[in-house]
Amino acid sequence: MSYAGDVGCSECWEALKNNSNALLIDVRTVAEWSYVGLPDISSTGKQIILVDWQQFPQMTVNPSFTDQVDEQVMAAGGDKSAELYLLCRSGVRSIAAAEALTAAGYGNAFNVLGGFEGNPDDKGHRGNIQGWKSDGLPWKQN
């Protein structure tokens with residue numbers, strides 16, 4: 001493993017609430033943020049950092065990913081020692097993003113297991129068996 005490790009959604013939520021150095025980075029696409037929804041971490045006094053790991057619709061890796069994260073982490077008052085919790089749809093793209101940030105010098109880049117929606121259930125629907133939504137954590141949809 002070339003990143004800080006994997007954490008569950010509830011563990012991530014507790015870190016965001018209790019650790020001033022913890023930041024949530026949603027690495028899904030603009031389309032997912034717009035149409036599927038976002039974690040609502042407003043009660044922590046923090047804002048989600050939104051930087052897509054892959055760019056919709058081609059789904060190619062964002063060549064400016066680490067630069068964009070650097071900029072937004074600094075704007076949020078963080079630095080390379082911040083605890084970064086990377087969230088995607090199901091916890092796969094966020095692994096690659098955590099690895100890239102670790103390679104860029106972030107020592108505490110964590111993958112959030114299950115992501116925002118988790119894997120599909122037996123009916124092919126996401127958000128029911130694992131992930132941020134399934135865990136009953138706060139979220140919103142535009």
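Some notes on this structure:
- Per residue accessible area of the stretch 67-108, 1.4 Å probe, in Å²: 42 Å²
- Computed label-point distance, nm, for sites K46 and D135 using a 7 Å Cα→Cβ extension: 1.2 nm
- When the Cα positions of F65, V30, G91 are compared along the charge dipole of the chain, V30 comes out farthest toward the positive end, with charges on each C-beta of Lys, Arg, Asp and Glu.
- In the chain, Cα pairs under 8 Å separated by at least six residues give a relative contact order of 31 percent.
- Available extension along the chain between E99 and N18 is 26.7 nm, counting 0.36 nm per residue and deducting the alpha carbon span.
- For D135, no residue has an amide H sitting under 5 Å from its own, ignoring neighbours fewer than 5 places away on the same chain, with H placed 1.01 Å from N.
- With all protein chains modelled, accessible area of M59 [1.4 Å, Å²]: 70 Å²
- Structure-based [θ]222 nm, the chain - -39500 (n - 2.57) summed over DSSP H runs of at least 4, per residue, nearest 500: -7500 deg cm²/dmol
- Legend: calculated FRET efficiency, D67 to D122, from the Cβ-Cβ distance at R0 = 41 Å, rounded to 0.05, equals 0.50.
- Enclosing the Cα atoms of the chain in their convex hull gives a volume equal to 104 cubic angstrom per residue.
- Accessible surface of the chain, 1.4 Å probe, proportion on carbon and sulfur as whole %: 47 percent
- Net charge dipole size for the chain [Lys, Arg +1 and Asp, Glu -1 on Cβ; Debye, nearest 20]: 260 debye
The values are calculated or read from the model by the stated rules, or taken from the named source; none is laboratory data. Just so we're clear, the structure is a prediction, and the values are computed from it rather than from any experiment. Cβ sites come from the backbone with ideal geometry, for glycine too, and all protein chains shown count toward neighbours. Protein only, heavy atoms only, side chains kept; ligands, DNA and RNA dropped before computing areas. Shrake-Rupley method; radii C 1.70, N 1.55, O 1.52, S 1.80 Å.
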